[in-house]
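Take a look at the structure set out below.
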Amino acid sequence: MMKTTREQEHIIQVRGDAKINAVAGSGKTTTLIELAKTRPKSHRILYLAFNKSVKTEALVKFAKAGLNQVKIETAHSMAYRAVVPKNNYEVSNQGYKHSELVEVLGLSSSGKNFTEYILADHVLRYSALFCNKTTSSIAELDYLSTISDPKAKAFAKNHFGAIQKLTRVFMAKMNEGSIPITHDFYLKKFQLSKPVLPYDMILFDEGQDASPVMLNIFLNQDAEKIIVGDSHQQIYSWRFAENALETTKFPSYSLSQSFRFSDEIADLANKVLALKSQLGRKLDLSIKGLKDPPLKEGQKAIIARTNLGLLKRAIELVYEGKEVEKIYFEGNFNSYTYADSGTSLYDVLSLYQGRKNKIRDKLIKRMPDMQGLEEYIKKTGDIQLSMMAEIVRKYKSKIPKILKTIKDSHLKDSDKPKAEIIFSTVHRAKGMEYEEVELIPDFLTEENLNSILEEGELNPLDRNKLNEEINLLYVAITRTRGKLKLHESLVPEGFKANKYVEVILDEESKDADFFELEENGYSEIRKKHKLAYRPWTPEQDEELTILFCEGARVKEIAEHFGRTHGAIRSRIKKLELLELYGS
């Protein structure tokens, strides 16, 4: 038997239902294996993995432990076998693009307002909500409460009757098999069938991001039930996932010792999570790391919050800097140039260049120009299209050459171990670990959080989103086994750089006294910029606009207002000064 911590010993001795809150790198799968070993060989055990890659890894680990009685499944693999063949369904692996749904529902063109595409966007969201929630009818759902963007919500409220009716039509067409079904659909149909699973024990992994329909199936079984996950790794609530570690009333256990990274990384992670106190969240679990683990040579990963942030860094290293020749993007590289709706970055570029004949995406083809696209983005709150528009505005006609250069440096999947750098968004990096990690500064910062909170009271939906943004930074930080490199804007106040954490300084901090940095961390520097945390007044906004139009540099504006460079850039973006007055 492995050498266990006291926390692990308590879990291994568990009998009956339980939930386990396990921090990053705490050996949760190993602990579950030891728990499974205490059950009789005749015990039928199901391990529910979060996705295919986790399933593949678990298959190897449980088999190596000799636990052949453990069945490894994903929720979707079980649901597929139970639903799809029996109904002769065809499955749409990529889901539906907005333009495809417009055709399926027979929505007619309504001029320059693109109402049919906005309706299709809401139908896709409404149907995803129904397929992920446990209600038996669409009418039971409060769809409007899931929309935070004011313009998108106003549109949905004005067209709610049509949206609900079209959602019913869409679901009915899938149910009768006249159109291909989505993965969400067959999982929902599986839940509505109230299946009885033939197991004595079920281990439910990644419980913090549980699909409500699968959680409903799980909780309705007579088997012994164990939920495991990390409350602070909940990053899929936008897919209507729920944190089963908080909602389920099982006896609770913890794994707080990480075997992945150092105490210093654990300290940074704890300080990041402590930002949740400003959202009224209580932290009942402190992460412990390893004492002075050796730094090893190995693969480096660059992790970003957004596709745009990652692509920008790849451009700097591969296209502009020529520093690396062998790279690998987690997931298909082409996916970084496509939105979920199916729109390509090349389509947006063609729109920008006025070459309508080159546009393949039907929605983008309908747009009169970039201004029309940006108006559509405001009405739908489509973040991915917004990122594409930003990339096109910055790099323009250089984009094809840039992407070709990056693709020429990209390795095939089998050669991934040879990559000098792995590029990944934080969502794709979940469950991964690397010897060295660099973070792109496109995550929520303490400064951003303070500014948002000082602007006024937030509704619960927006508070939950901010909580998840903090989780994303925590997940990114805890991907490293060794060293972490990040911009000082991502470092919470009071944290000091060390041999495991390298902090990239802004220009203003580089001029600070080195002794001051070593002795006091970054808190003393930040005290010089207290104004950065105060709300902007209309008079200051007007003054900032004048300075921007006069061509003042960010550094000069920051010195004028006594704020940080990041605070100035953030305000320029919020006031849309580049769009309004930029060259």
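The values are calculated or read from the model by the stated rules, or taken from the named source; none is laboratory data. Bear in mind that the values here come from a model prediction, so they are computed numbers and not experimental data. Neighbour counts are summed over all protein chains in view; Cβ atoms, including those assigned to glycine, are modelled from backbone coordinates with ideal geometry. Side chains included, ligands, DNA and RNA excluded: accessible areas come from the protein's heavy atoms. Shrake-Rupley method; radii C 1.70, N 1.55, O 1.52, S 1.80 Å.
Structure data summary
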| quantity | calculated |
| --- | --- |
| Selection from the range 24-42 of residues that are under 14 Å from residue 431 (Cβ atoms) and of a type outside the set (Lys, Arg) | 24, 25, 26, 27, 29 |
| Filter result for residue 277 (within 30 Å of residue 13 (Cα to Cα) and among the polar types (S, T, N, Q)) | no |
| Some residue of the range 396-406 being outside any helix (DSSP H, G or I) and either of a type in the set (S, T, N, Q) or at negative phi (or both) | no |
| Conditions (1) under 25 Å from the mean Cα position of the chain (by Cα); (2) modelled with pLDDT under 95; (3) within 26 Å of residue 262 (Cβ to Cβ); (4) polar (S, T, N, Q); number of the one not met by residue 459 | (3) |
| Check on residue 270, without any contact (Cβ under 8 Å) to a residue 24 or more places away in the chain, under 22 Å from residue 20 (Cα atoms), of a type outside the set (Ser, Thr, Tyr) and open to solvent by less than 60 Å² (accessible area, probe 1.4 Å) | yes |
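A quick yes/no check of all residues on (1) assigned to a loop (DSSP other than H, G, I, E, B); (2) touching a residue at least 40 places away in the same chain (Cβ under 8 Å); (3) open to solvent by 60 Å² or more (accessible area, probe 1.4 Å):
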| site | (1), (2), (3) |
| --- | --- |
| 95 | yes, yes, no |
| 99 | no, yes, no |
| 103 | no, no, yes |
| 119 | no, yes, no |
| 131 | no, yes, no |
| 161 | no, no, no |
| 167 | no, yes, no |
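Yes/no per residue for (1) of a type in the set (A, V, I, L, M); (2) touching a strand residue (DSSP E or B) at 6+ places or on another chain (Cβ under 8 Å); (3) open to solvent by 50 Å² or more (accessible area, probe 1.4 Å):
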| position | (1), (2), (3) |
| --- | --- |
| 383 | yes, no, yes |
| 392 | yes, no, no |
| 408 | no, no, yes |
| 419 | yes, yes, no |
| 427 | no, no, no |
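So that you can scan it fast, the table gives a plain yes or no per residue for (1) of a type outside the set (Val, Ile, Thr); (2) open to solvent by 10 Å² or more (accessible area, probe 1.4 Å); (3) in contact (Cβ under 8 Å) with a residue 24 or more places away in the chain:
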position: 203; (1), (2), (3): yes, no, yes
position: 210; (1), (2), (3): yes, no, yes
position: 214; (1), (2), (3): yes, no, yes
position: 218; (1), (2), (3): yes, no, yes
position: 228; (1), (2), (3): no, no, yes
position: 233; (1), (2), (3): yes, yes, yes
position: 245; (1), (2), (3): yes, yes, yes
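So that you can scan it fast, the table gives a plain yes or no per residue for (1) open to solvent by less than 60 Å² (accessible area, probe 1.4 Å); (2) modelled with pLDDT of 95 or more; (3) of a type in the set (D, E, K, R); (4) under 32 Å from the mean Cα position of the chain (by Cα):
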site: 2; (1), (2), (3), (4): yes, no, no, no
site: 5; (1), (2), (3), (4): yes, no, no, yes
site: 11; (1), (2), (3), (4): yes, yes, no, yes
site: 17; (1), (2), (3), (4): yes, yes, yes, yes
site: 21; (1), (2), (3), (4): yes, yes, no, yes
site: 29; (1), (2), (3), (4): yes, no, no, yes
site: 41; (1), (2), (3), (4): no, no, yes, no
site: 44; (1), (2), (3), (4): no, yes, yes, no
site: 49; (1), (2), (3), (4): yes, no, no, yes
